[in-house]
Structure formats: structure tokens, C-alpha cells
Amino acid sequence: MRIARFVVDGDPLYGVVDGDTVSAIAGDPFYQGIQPTGQQHPLDDVRLVAPIIPRSKIVAFGRTYPEHAKELGNDVPASPLMFLKPNTAVTGPNDPVTLPSFSEEVSFEAELAVVIGRICKDVPLEKVPDVVFGYTCANDLTARDAQKTDPQWGRAKGWDGSCPLGPWIETDLDTDDVRVTGRLDGQIQQDGTTADMIWSVPELVALASQAFTLLPGDVILTGTPAGVGLLREGQRFEVEIEGIGTLANTFRR
């Protein structure tokens with residue numbers, strides 16, 4: 001099932017996407033389940049927005065793909081590198097992203113994102129499917145120059161608009177071998193699979209839950225394959241994830 005957030009006549013709603021149609025549901029599916037209202041809209045007639053604004057946090061993992069760690073001159077870590085992004089970093093599909101004034105070196109990072117569906121802590125690996133609501137596409141935009149100079153990554157990774165999410169949440173996905181592709185102005189820059197990850201997606205969710213209590217709507221970014229590069233004003237970047245869809249954004253100053 002594909003769960004989207006969309007705007008029609010100025011009102012934000014949740015809905016179920018089926019082909020070229022989105023069917024509105026009542027309230028918040030994270031707390032009220034899927035309750036169809038009977039209202040249907042052609043996808044072309046609505047504006048999709050970020051499928052979730054995290055209630056509390058985005059937990060992100062870095063250097064989970066060995067080739068990506070190597071391309072930036074880093075060693076493959078003994079344990080996953082974990083950091084936080086604020087919920088103000090989130091923006092939606094097709095939204096223009098304003099590059100931060102303090103950076104001249106912003107890079108793209110195509111990633112699979114996990115959306116948490118229930119409050120949880122210290123989740124055993126075998127119980128991870130029970131706490132996951134679904135999966136979406138993400139772009140972990142990074143100000144590389146700030147990342148090099150700042151001892152911590154809050155500014156480099158957390159600026160407004162640095163976490164595009166969308167186009168919707170896919171509730172049913174086998175994450176063992178999912179293709180993750182990043183295209184810049186139509187040209188493939190990143191082409192990897194979750195099978196290449198050092199830690200599996202469920203392992204990362206379990207590790208995140210050891211550090212933090214996870215709340216419904218929290219998002220976990222699982223890292224990016226090799227091929228990251230810099231963005232310029234006017235360019236378009238697409239994150240395509242097998243079994244989910246494509247997230248696209250343009251960039252401006």
C-alpha cells in the first residue's frame with residue numbers, strides 16, 4: 001500500500017495511492033489506521049507534499065555502503081556512524097530546495113528511508129518489522145565544506161530543506177536487495193543496492209532504537225551508495241528506489 005500526503009483546495013490530507021488515483025483517508029493513519037472517506041482525486045490534480053513530517057526526529061546513518069566510505073577517503077567504520085537531522089530539514093517531492101548561503105559545496109545522497117509506525121525502544125532484530133510503518137525515498141543533502149570544518153554535522157546535514165522525502169510511503173517492501181539510483185539532470189550518478197550495505201536495514205532500525213526511543217512518524221535514513229557529487233543552482237536530482245518510486249527536486253540560490 002502507498003500512503004501519500006497531498007494538498008487539495010488548500011487542505012492537507014492523507015490518502016492511498018492506486019495507479020493514477022489517490023483516495024483520501026480520514027485523520028492520521030499513524031494513529032487512526034486506514035479509514036477511507038470515499039473521496040478520490042486524480043494524482044495529476046493534487047500536489048503531493050512530504051509523506052511525513054517526523055514528530056520528533058530523523059535518525060541518519062553514514063558510511064553504511066563501503067564504496068561510499070572509500071570514495072570520500074574514509075575508512076569503513078566498525079560500527080555505524082549515527083547523527084540527527086531536525087524535522088525542519090524535511091521538504092517534499094518536486095519542492096524547490098534553497099541551497100544554504102553558508103555553503104558552496106552541497107552534495108546529493110540518494111537513500112532508502114524507514115518510517116517508524118509505533119513507539120519503541122531496544123527493538124530486537126526479529127521484531128523490527130512490527131515497528132516499521134513503511135519506506136520512502138530520501139535525499140540526505142550535505143554541505144560538504146561545512147562538514148569538513150565543523151566538528152559536528154548539525155549545520156552540514158540539518159539546514160532547512162536538507163532532507164527531501166517522498167513521493168509516498170510504501171508499506172510493503174523487502175529491503176534485502178533494493179536498487180537505489182540517483183540521477184542528476186537525467187544522468188545516473190549513483191546506482192547501488194541495499195544488498196551492498198555493511199549492516200542490513202533491520203539492523204540499522206534496531207541500532208537506532210538502542211540509542212533513542214523511536215516515535216510514530218520518526219524517519220531513519222539508511223545511508224547512500226557510491227557516486228555522490230555536488231549540486232548547482234538550476235539542477236534537478238532524482239532519487240529512484242525500486243518498489244517505491246521517484247523523488248525529484250530542483251535547486252536554487
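Observations on the model:
- Yes/no for residue 121 being farther than 15 Å from residue 54 by Cβ, without any contact (Cβ under 8 Å) to a residue 24 or more places away in the chain and either open to solvent by 10 Å² or more (accessible area, probe 1.4 Å) or not aromatic (Phe, Trp, Tyr) (or both): no
- As a summary of the residue check, residue 232 satisfies the conditions (1) open to solvent by 10 Å² or more (accessible area, probe 1.4 Å); (2) in contact (Cβ under 8 Å) with a residue 24 or more places away in the chain except for the one numbered (2).
Quick grid of which residues meet (1) within 18 Å of residue 65 (Cα to Cα); (2) touching a Phe, Trp or Tyr at 6+ places or on another chain (Cβ under 7 Å); (3) hydroxyl-bearing (Ser, Thr, Tyr); (4) open to solvent by less than 40 Å² (accessible area, probe 1.4 Å):
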{"site": "146", "(1), (2), (3), (4)": "no, yes, no, yes"}
{"site": "172", "(1), (2), (3), (4)": "no, no, no, no"}
{"site": "176", "(1), (2), (3), (4)": "yes, no, no, no"}
{"site": "181", "(1), (2), (3), (4)": "yes, no, yes, yes"}
{"site": "215", "(1), (2), (3), (4)": "no, no, no, no"}
{"site": "240", "(1), (2), (3), (4)": "yes, no, no, no"}
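- Within segment 3-19, restricting attention to residues that are of a type in the set (D, E, K, R) and modelled with pLDDT under 95, the residue that is nearest to residue 52 (Cα to Cα) is 11.
- Selection over segment 6-39 of residues that are within 19 Å of residue 132 (Cβ to Cβ), open to solvent by 50 Å² or more (accessible area, probe 1.4 Å) and in contact (Cβ under 8 Å) with a residue 24 or more places away in the chain gives a count of 2.
The values are calculated or read from the model by the stated rules, or taken from the named source; none is laboratory data. Here the structure is a predicted model, which means the values were calculated and not measured. Cβ atoms come from the backbone with ideal geometry, glycine included; neighbour counts cover every protein chain shown. Remember, those area values only see protein heavy atoms, side chains included, never the ligands or the DNA or RNA. Shrake-Rupley method; radii C 1.70, N 1.55, O 1.52, S 1.80 Å.
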